[in-house]
Amino acid sequence: MTQGTAQVLAGPPAAAALLDEARRRAARLPRPPHLALVRVGEDPASVSYVRGKAKKASEVGLSSHVHALPGDTTQADLLALIGTLNAEPAVSGILVQLPLPAHLDPEPVLLAVNPAKDVDGLHPANTGALWNAHEGLRPCTPAGIMALLAHHGVTVRGARVVVVGRSALVGRPVAGLLLNADATVTLAHRVTPDLGAVTRGADILIVAAGQPHLITPDMVRPGATVVDVGINRVPTEDGKGRLTGDVHPDVAHVAGALTPVPGGVGPMTVAQLLMNTVIAAERQHVQPEVTGELVR
Ligand code: ADP
């Protein structure tokens with residue numbers, strides 16, 4: 001039997017299209033949407049992520065400001081900054097870079113962000129809106145996955161979709177978005193018996209389990225679309241390590257289409273963050289009372 005090679009669902013062109021749309025819509029607003037980036041301390045990864053987000057923001061015509069707080073900032077001072085940003089009409093979106101230093105509790109901080117400015121889409125008001133198919137801001141990686149599928153012409157409506165992983169960041173919210181888009185969704189996780197029997201039922205398989213090569217070719221229906229959300233650093237002989245997904249590379253011989261790691265879902269997340277900032281700014285423009293005093 002000759003084995004096929006899956007179509008590559010590349011992230012960069014889909015991310016570029018999303019960024020183009022963000023740029024176009026931002027330009028229609030009376031002033032550039034503004035993203036407030038809050039980080040505490042000097043964790044090198046956080047410094048680099050926040051810098052990257054600010055740079056991409058300026059590339060699409062958004063303004064941004066990095067609020068870099070010292071590592072010994074108190075919970076009260078951090079909450080006070082969030083309160084100021086919530087009430088500032090010129091701020092369209094607020095992102096608190098995680099992880100916070102150990103002495104700070106992230107939960108009350110995320111709850112304090114005005115849901116209308118919650119561009120990460122993780123406030124319970126937004127996750128509740130997502131689950132009830134109401135208007136709200138959607139979490140970035142899940143919404144980015146939907147944009148990636150749409151860009152490459154993958155039909156979600158009516159598809160049997162299996163999501164492996166039920167995290168708050170990816171599995172749960174992507175299941176909600178898929179359901180809202182008329183897919184039939186199965187959510188599998190660590191306790192699911194005979195995972196392969198479940199995943200073989202998928203027309204579209206989305207894997208966000210954080211387990212290198214969890215999905216092997218025998219677990220995939222021939223011709224299925226496979227989205228690999230995993231970003232795992234595995235050791236190499238030279239000691240540098242290399243990024244690998246949750247899907248075994250040989251799945252490319254069975255799947256009809258497959259996202260690469262890196263270069264698949266990864267680039268979609270920041271693009272969607274900026275799109276969310278534009279969406280937040282558009283809604284605040286139409287309905288200015290969602291900023292400032294009325295909605296906290
Ligand atoms: P992420 O950071 O990708 O969102 P988390 O580490 O927070 O992932 O969560 C991992 C998810 O993957 C959990 O929901 C867990 O149940 C699921 N998972 C982990 N290992 C397996 C496995 N071997 N089979 C099925 N699901 C798994």
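Peptide packing for 90-103, 18-31 was compared via the average number of neighbouring C-beta atoms within 10 Å per residue; ordered from the highest value, the list is 90-103, 18-31. What a 1.4 Å probe finds exposed on the chain is 57% carbon and sulfur by accessible area, rounded to a whole percent. Segment VAL286..ALA80, full-extension length gain: 71.5 nm, with 0.36 nm per residue of separation and the alpha-carbon distance subtracted.
If a spin label sat at a point 7 angstrom from the Cα of ARG233 along the line to its beta carbon, the backbone N atoms of the range 43-82 nearer than 16 Å would be those of 43-50. Between the alpha-carbon centres of the range 196-252 and the range 84-103 there is a gap of 34 Å.
Seen from a random direction on average, the alpha-carbon convex hull of the chain projects onto 16.7 square nanometres.
Taking label points 7 Å from Cα along the Cα-to-Cβ direction, ARG51 and GLN7 give a separation of 3.8 nm. Cβ-Cβ distance of ASP20 and ASP194, R₀ of 51 Å, FRET efficiency by 1/(1 + (r/R0)^6): the value works out to about 0.75. Peptide packing: for 5-15, 76-86, the average count of neighbouring Cβ atoms within 10 Å per residue gives the ranking 5-15, 76-86, highest mean first. Averaged over its residues, the chain has an accessible area of 47 Å² per residue, based on protein heavy atoms and a 1.4 Å probe. Between helix 44-59 and the chain there is an angle of about 80 degrees, using the helix long axis and the longest principal axis of the Cα atoms. Rounded to the nearest 10 degrees, the inclination of helix 11-27 to the longest alpha-carbon principal axis of the chain is 30 degrees.
Axis of helix 75-87 versus longest Cα principal axis of the chain: the two differ by about 80°, to the nearest ten degrees. Considering only alpha-carbon pairs that sit under 8 angstrom and 6 or more positions apart, the relative contact order computed for the range 193-270 is 32 percent. Taking every C-alpha pair closer than 8 Å and separated by at least 6 residues, the mean separation divided by the residue count of the range 139-264 gives a relative contact order of 21 percent.
The values are calculated or read from the model by the stated rules, or taken from the named source; none is laboratory data. In this text the structure is predicted, and so the values were computed from the model without any measurement. Backbone-built Cβ (ideal geometry, glycine too); neighbour counts: all protein chains shown. Note: areas computed on protein heavy atoms with side chains; ligands, DNA, RNA excluded. Shrake-Rupley method; radii C 1.70, N 1.55, O 1.52, S 1.80 Å.
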